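Structure, as structure tokens:
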Amino acid sequence: MKVVYTDVLVIGGGLAGLRVAIGARRRGHDVTVLSLVPPKRSHSAAAQGGMQASLGNVAKGQGDNEDVHFEDTVKGSDWGADQRVVRMFVDTAPKAVRELAAWGVPWSRVREGDRTVIINGQPVTLTERAEAHGLVAQRDFGGTKKWRTCYVSDGTGHAMLFAVGDQAIAHGVPVHERKEALALIHDGSRCYGAVVRDLVTGELVAYAARATCIATGGAGRVYRVTTNAVICEGIGSALALETGVATLGNMEAVQFHPTGIFPAGILVTEGCRGDGGLLRDANGHRFMPDYEPEKKELASRDVVSRRMEEHIRKGHGAKSRFGEHLWLDITLLGRKHIEHNLREVKEICQSFLGIDPAEQWIAVRPAQHYTMGGVRTDHTGQSTTLRGLFAAGEAACWDMHGFNRLGGNSVAETVVAGMLVGEFIADFCESPAGDLDIPTVLLREALRVERDRLDSLLQGGGTESADALKASMQQLMTDRVGIFRTGADLEAAVSGLQELLLRSRNIGLRHRKDGPNPELVTAYRTQKMLKVALCIASGALARTESRGAHFREDYPRRDDAGWLRRTLATWRDPADTLPTLAYEPLDVMTMELPPGWRGYGARDYVDHPDTARRAAEVQALRERAAQGDRHSVQAALMPYEHLLPAAFRGRNERIDERQA
Amino acid sequence: MNQTTTEPGSTRTLRFHVLRHDPRDAASVPRTETFELEEAAGMTLFIALGEIRERLDPSLAFDFVCRAGICGSCGMVINGRPGLACRTLTRDLPTDITLAPLPAFELIADLSVDTGKWMRGMSERLETWIHEVSPDVDLGRIEAPMDPDLADRIYELDRCIECGCCVAACGTARMRKDFVGAVGLNKIARFALDPRDPRKDEDYYELVGNDEGVFGCMTLLGCHDVCPKNLPLQTQIAFLRRRMARTGVG
Ligand SMILES: Cc1cc2nc3c(=O)[nH]c(=O)nc-3n(C[C@H](O)[C@H](O)[C@H](O)COP(=O)(O)OP(=O)(O)OC[C@H]3O[C@@H](n4cnc5c(N)ncnc54)[C@H](O)[C@@H]3O)c2cc1C
């Protein structure tokens, strides 16, 4: 039995995992990171558009601060988010950008003086302040009141991941590459690490740890059409789920990005629209203002994606032999802007569509993009049901995105969560709860179970093809658990997925070797992905309302009275074919921002019985605190500062909010 | 405006000649295997290899992650030239397509090589990070300003995705195992440009002022020609060489 001992085991070498690792390492703990691929190849590298943080350096960002970012994020979430976590996040995001600036991220910077930008299809001259010259610049993104998205041309994720990856190397954090966690080791109440498979040799090793952190990113590949990388298969969620103890939150909350290139699904960034790009239909008509007169192309993603599909349904899609799509027009931004600020977009258009986006329109259609749900944790990132298990980044649901995340809030979340959860994990390791007293029989047993699972795939003589099952799952999810959902479709999806799950227990392989065997990998991952897909589909079927990205045509209204609650999914018994769903209510009476209209999308929703009372209370509290500054008003409404690790408390300075 | 998404499908039958070997399997010998596929519209090597694996040989090993030319996972030698497979369209290739793993890296199996280990080793040797991260940078304070043009110039060099194509195309790297390659030299150029890094030319000279570094380059510039990100490797290496030569003399 081979065992590796470490204080902190981080499963995932993307932005979230690496930043968690650096945090715990700096506090003196032994950290080991696992990754399927070299960490700098993680999907974080693909983030193009940018990272939200309320620095307020550019003219159009003036007046921005944590309060505005908070409000945008909560509205974006359609009130599904945990508002205390959102507060922790918006407070730490500026610190995260500044940390990354110190680590060498070449953030695009403000240039003082006049510049011409495109707003609402028209050239507009903006004048940048002299005091802002050389500070980190912000661009516009959907669903935000201010220009808040900090960026590095359109290679933001790449630049961030390389800076953080290099810092991990500088801190001597070992990354065990091409190693895949197959199962968590636990005794029903505490997590002790993971069983890990070497993807090159096939060897199984037990990694025993005081704290284990899942930072495995999204689950986009349960869908056929997705912007996600091929390794974003939701395995981290499945690891938690298969413990039978840990829960997944809000898995039905799946984001579809308006501008996946058609038909490949490769993303072109929201920065295209943020910088002034327009959506057009088959006739070249700019249709978004017809639906969303206020925010137009820059309403939140859930709203824009729905409007696009609605417009296609009305017969206005451009036809191609792969199906219908719409156009993204960035020609009006001019070649210089495109070649400077949207160069990845240009490369992608050239390589995959064979077009020059400075001259031609880009064929686009919404594609699966982001997994709001994930391993349910508290505000420290620790599982609420399995001690010693933490989660951070896209794989987690601590829950700052609720039912829709804003563009730019995800890479921001990864590093913020990394900073905070890294500290909380260090606290945990230094507390008695972090003592590691692990029975070796548990390790041995966990290894045996996984060995048996693999052997039965390799030798069991099953007859089902993993590839075929996976493809059927992806098709079902794209067809029936997409942007517009109905009870009938979702029922068909759930029963279809159940059948696939049963069949996946009888997968057989053509290639029986245990080393670098891609077929074996597809086989065991498909079994896990089907469970994750079932959590999404059954959560969506059960939720008879529409909220954020979850839209039910048969229940088109947001129903705060019935559904202001978070879905929790567990997988009780390995023999089950469905998750067990439970619900966790959100407490309106503690909300800083009681539910209301988002400012875009439908105005029609059912109020929670507490909403009016809380709104009045908030109003009264605001009036009472009106003498104080915005911080004291906020503190009167919903205190959160005590929740932050001491290292990251404190005000954020801005040009307009100088510190002594 | 009238546009089509992709051009009409062709009916070519493509022949993929793939170099195969599993170095951990005592019975494996390096060999070329040929797979035939009908070409489809908009087909990339990512799509083609996926189809081969799904339909013809489930054991074929290769690496893809982002499939959008961003992550650098899928470098391989395509008809003799290192490049990213995911954004290589078959319509730009002849019907006979030869695929081989990138040389200079440890072979994992078939088209999969261990660039990760190589790159981490290079990063550790060259210390490819900003050195003066004073742990007391006050994160609550406004960030230090930087000239916008300088930020852009740093990003230009920061765009390297560590795909390994430059190393595979490098004459020196094939002869000298410890040569840091254009990827390493470009990183030094990147940090030397960045005022946030306090290292001086003498410090960089310690790292690359030798034959494993900038003086090992034979200026054949295979690296420059194959770089999928079109990094200005030629000018950067020439510049670094002059600077290091001066430092060495001085
Ligand atoms: C195309 C695209 C563009 C985007 N653009 C933006 C943007 O502009 N702004 C923004 O805010 N957000 C953006 N996002 C979202 C954002 O990039 C991601 O949500 C975020 O980077 C996820 O980071 P992460 O660290 O959680 O996971 P990832 O970066 O996906 O890393 C996951 C890690 O887990 C590892 N892993 C997975 N499973 C296992 C296992 N079983 N065992 C061991 N290791 C495992 C992987 O190897 C990888 O290292 C974009 C997303 C996409 C798809």
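Can you tell me how the stretch A:383-443 classifies by the Cα gyration tensor, rounded, prolate or oblate, using a/c under 1.5 as the rounded cut?
Prolate.
Show me, for the stretch A:107-119, the HN-Hα J-couplings you get by feeding each phi into the Karplus relation (A = 6.51, B = -1.76, C = 1.60, θ = phi - 60°), rounded to Hz, glycine and proline as x.
3, 5, 10, 6, 10, 5, x, 7, 8, 9, 10, 9, 10
Under 28 Å Cα to Cα from A:K2, which lysines show up? Leave out anything in the same chain fewer than 8 places away.
List returned: A:K40, A:K179, A:K513, A:K528, B:K117.
Quick one: which residues, 5 or more positions from A:R557 or on another chain, have an amide H under 5 Å from its amide H? H modelled 1.01 Å from N in the peptide plane, none for Pro or chain starts.
For A:R557, the qualifying residues are A:S546.
Using modelled amide H (1.01 Å from N, peptide plane; none on Pro or chain starts), what sits under 5 Å from the amide H of A:A183, excluding residues fewer than 5 places away?
Correct list: A:V195.
Testing the spin-label approximation: label points 7 Å from Cα along Cα→Cβ at B:D178 and A:V3. State their distance in nm.
Those two pseudo-labels are separated by 3.9 nm.
Quick one: net charge of B:T247's neighbours, Cβ under 11 Å, K/R +1, D/E -1?
Around B:T247, the charge tally is +1.
For the pair A:D378 and B:D211, how long in nm is the line joining their label points, each one 7 Å along Cα→Cβ?
About 6.2 nm, to one decimal.
In units of 2.2 N^0.38 Å, what is the alpha-carbon radius of gyration of chain B?
1.18
Can you give the three extents of the C-alpha atoms in the stretch B:13-112 along their principal axes, from longest to shortest, in whole Å?
Taking the Cα atoms of the stretch B:13-112, the three principal extents are 40, 28, 24 Å.
Just order B:226-239, A:209-222 by mean Cβ neighbour count inside 10 Å, highest at the front, would you?
A:209-222, B:226-239
Can you give the relative contact order of chain A as a percent, counting alpha carbon pairs under 8 Å and 6+ residues apart?
Computed value for chain A: 19 percent relative contact order.
Plugging the Kirkwood radius over Cα pairs into Stokes-Einstein for the stretch A:118-267, at a temperature of 4 °C and a viscosity of 1.567 mPa s, what D comes out in µm²/s?
Stokes-Einstein gives a translational diffusion coefficient of 66 µm²/s.
State the percent of C-alpha pairs, over all pairs in the stretch A:506-660, separated by a distance greater than 23 angstrom.
Details: 7528 of 11935 pairs.
Cα-Cα pairs of the stretch A:506-660 separated by over 23 Å account for 63 percent.
Lys and Arg at +1, Asp and Glu at -1: add these up for the other residues within a Cβ distance under 12 Å of A:K179 and post the number.
Every neighbour counted, the sum reads -2.
I need the P(r) histogram for the protein assembly as shown: all alpha carbon pairs, bin width 10 Å from 0 out to the longest distance, whole percents.
All Cα pairs considered, the percentages come to 2, 12, 23, 27, 22, 10, 3, 0, 0.
Students often check this: by mean Cβ neighbours within 10 Å, which of B:103-113, A:298-308 ranks highest, and how do the rest follow?
Output ranking for B:103-113, A:298-308: A:298-308, B:103-113.
For A:K346, give me every one of the aspartates and glutamates with a C-alpha distance below 12 angstrom, ignoring sequence neighbours fewer than eight places off in its own chain.
Result set, ordered by chain and number: A:D154, A:D356, A:E359.
Setting aside same-chain residues fewer than 8 positions from A:K145, which lysines have a Cα under 21 Å from its Cα?
Filter leaves A:K60, A:K75, A:K95, A:K295, A:K296.
Show me, for the stretch A:495-504, the HN-Hα J-couplings you get by feeding each phi into the Karplus relation (A = 6.51, B = -1.76, C = 1.60, θ = phi - 60°), rounded to Hz, glycine and proline as x.
In residue order, the calculated couplings are 6, x, 5, 4, 5, 4, 4, 4, 5, 5 Hz.
Determine the relative contact order of chain B: mean sequence separation of Cα pairs under 8 Å and six or more apart, normalised by residue count, in whole percent. Numbers along the way, then the final one.
Numbers: 387 pairs, mean separation 41.3, N = 250.
Normalised by residue count, the contact order of chain B is 17 percent.
Loop-only GluC sites (Glu not before Pro) in the stretch B:122-219, please: DSSP not H, G, I, E or B, and at most 14 other Cβ atoms within 10 Å.
B:E132
Which ³J(HN,Hα) values in Hz, rounded to whole numbers, follow from the phi angles of the stretch B:34-43 under the Karplus curve 6.51 cos²θ - 1.76 cosθ + 1.60, where θ = phi - 60° and Gly and Pro get x?
Running phi through 6.51 cos²θ - 1.76 cosθ + 1.60 with θ = phi - 60° gives 10, 10, 10, 9, 6, 6, 10, 5, x, 5 Hz.
What percent does the relative contact order of the stretch B:13-112 come to when contacts are Cα pairs within less than 8 Å and at least six residues apart? Working shown, then result.
Details: 181 pairs, mean separation 35.1, N = 100.
That works out to 35 percent.
List every residue whose amide H lies under 5 Å from the amide H of A:L586, counting only residues 5 or more places away in sequence or on a different chain, with H placed 1.01 Å from N in the peptide plane.
Answer set, sorted by chain and number: A:R565, A:R566.
Using only C-alpha positions, report the orientation-averaged shadow area of the convex hull of the stretch A:282-438, nm², one decimal.
13.3 nm²
Sum up the charges of everything whose Cβ sits under 14 Å from the Cβ of A:V225, counting Lys and Arg as +1 and Asp and Glu as -1, but leave A:V225 out.
+2
Magnitude of the Cβ-charge dipole of chain A, K/R +1 and D/E -1, about the Cα centre, nearest 20 debye? Write down the numbers at each step before the final one.
On the way: 82 positive and 84 negative charges, 171 e Å.
With Lys and Arg at +1 and Asp and Glu at -1, about 820 debye.
Here, each number is a calculation from the coordinates, and none is a lab measurement. Everything numeric here is computed off the predicted structure, so don't read it as measured data. Please note: Cβ atoms are built from the backbone with ideal geometry, for glycine as well, and neighbour counts cover all protein chains shown.
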